[in-house]
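Working notes, beginning with the structure itself.
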Amino acid sequence: MKKLLIAALTLILSLVIFAGCSGTSASTDDKKVIKVGATPVPHEEILEQIKPILAAKGYTLEIVEFTDYVTPNMALADGELDANFFQHIPYLEEFNKEKNLTLTYTAKVHIEPMGVYSHKVKDLSSLTDGATIAIPNDPTNGARALRVLENAGLIKVKEGALVSKLDITENPRNFQIEELEAAMLPRQLDNIDAAVINANYALEAGLNPVTDALALESKDSPYANILAVKAADKDKPYINALSEALNSPEVKKFIEEKYKGSVIPAF
């Protein structure tokens, strides 16, 4: 009798443990509330468009707003987010290397052409010798900005992906390149002569890349903005649903009609 009782208790305990493990797995693999970090424009605006698409599949999208380029990746790595949507592939790759992380991506969504803006001149030829031009201070966007200045004929930079202002090989007009946090650049336009600004921060500041930029990055830019996730979550059902929604015809139409060339679909 005692042996039977022990066996019964063991069986019950095993079932409880199994049920607990099963519940954890199910909730992790097929969660119904998806928490995504994003910067406001255009990322959060795009995410708002997919709420009905996800709702029709039984998911609720919760958007967490960020205003910098570091916190959303750390929040994703720490499990505070299920995904984030704010960055391009080179930035993610460099961030992984710097922080020893294994974040990856599932969908390319759009390209935000980087542009040169100024409150002091109407065209780049009007910049005075020695003028101060600000660029983002993170390695990938800084390198990208230098290429925009190079393509505009202002400087020349040595070959390579992650170039810095130290890699400028020709600067005949002695422009002063100042590195600032990307989000600060629009607010500094009254204090400097020009700045190379990411499209999302330009849009937030009321600048239209198509009409206000004095020089604009090529439309074949490799800097597509992506949906970033933890590598372990890449193939989970809720991530697949999120990726499909961001690459939907509805999102493509919204981007084209809303931003009119200042943000371009990448799918």
Considering residues that are in contact with a Ser or Thr (Cβ under 8 Å, 6 or more places away or on another chain) and either closer than 29 Å to Asp82 by Cβ or among the basic types (Lys, Arg) (or both), the number found within segment 115-143 is 1
Any residue in segment 192-204 that is over 20 Å from the mean Cα position of the chain (by Cα), modelled with pLDDT of 95 or more and not small (Gly, Ala, Ser)?
yes
Members of segment 146-182 found to be modelled with pLDDT of 95 or more, within 27 Å of the chain's Cα centre (by Cα) and among the small types (Gly, Ala, Ser), listed by number
Ala152, Ser164, Ala182
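Results for (1) closer than 14 Å to Leu189 by Cα; (2) in the same structural domain as Ala199 (by TED's automatic domain parsing); (3) under 17 Å from the mean Cα position of the chain (by Cα); (4) acidic (Asp, Glu), shown as yes or no for each residue.
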{"position": "Thr102", "(1), (2), (3), (4)": "no, no, yes, no"}
{"position": "Ala107", "(1), (2), (3), (4)": "no, no, yes, no"}
{"position": "Lys120", "(1), (2), (3), (4)": "yes, yes, no, no"}
{"position": "Leu124", "(1), (2), (3), (4)": "no, yes, no, no"}
{"position": "Thr128", "(1), (2), (3), (4)": "no, yes, no, no"}
{"position": "Ala131", "(1), (2), (3), (4)": "yes, yes, no, no"}
{"position": "Ala134", "(1), (2), (3), (4)": "yes, yes, no, no"}
{"position": "Asn137", "(1), (2), (3), (4)": "no, yes, yes, no"}
{"position": "Asn141", "(1), (2), (3), (4)": "no, yes, yes, no"}
Condition check: among the aliphatic types (A, V, I, L, M), outside any helix (DSSP H, G or I), within 15 Å of the chain's Cα centre (by Cα) and at pLDDT 95 or above. Does Val116 satisfy that?
no
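Out of the residues in segment 70-113 that are among the hydroxyl-bearing types (Ser, Thr, Tyr) and part of a helix (DSSP H, G or I), state the one that is surrounded by the most Cβ atoms within 10 Å (Cβ to Cβ). Quick ask: steps written out before the conclusion?
Initial filter on segment 70-113 (among the hydroxyl-bearing types (Ser, Thr, Tyr)): 71, 91, 102, 104-106.
Subsequent filtering for residues that are part of a helix (DSSP H, G or I) retains 71, 91.
On the way: Thr71: 16, Tyr91: 22.
Ranking the candidates gives Tyr91 first.
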For Ser125, the lone unmet condition from (1) under 25 Å from Ile226 (Cβ atoms); (2) assigned to a helix (DSSP H, G or I); (3) of a type in the set (Gly, Ala, Ser) is (1)
With the structure loaded, tell me whether Lys57 is free of Cβ contacts under 8 Å to residues at least 60 places away in the same chain and either surrounded by fewer than 16 Cβ atoms within 10 Å (Cβ to Cβ) or not small (Gly, Ala, Ser) (or both) or whether it fails that test.
no
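Does segment 171-183 contain any residue that is closer than 30 Å to Asp82 by Cβ and part of a helix (DSSP H, G or I)?
Step one: list which residues in segment 171-183 are closer than 30 Å to Asp82 by Cβ, which gives 181-183.
Now restrict to residues that are part of a helix (DSSP H, G or I): 182-183.
Yes - at least one qualifying residue is present in segment 171-183.
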Are there any helices (runs of 4 or more DSSP H) wholly within segment 186-267 with 3 or more residues that are buried (at least 17 other Cβ atoms within 10 Å of the Cβ), and if so which?
199-204, 237-246, 249-259
Scan segment 224-241 and tell me whether some residue there is under 30 Å from Lys99 (Cβ atoms), without any contact (Cβ under 8 Å) to a residue 60 or more places away in the chain and in the same structural domain as Val121 (by TED's automatic domain parsing).
no
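The values are calculated or read from the model by the stated rules, or taken from the named source; none is laboratory data. In this text, all values refer to a predicted model and were calculated from it rather than measured experimentally. As a convention, Cβ positions derive from the backbone with ideal geometry for all residues, glycine included, and neighbour counts pool all protein chains shown.
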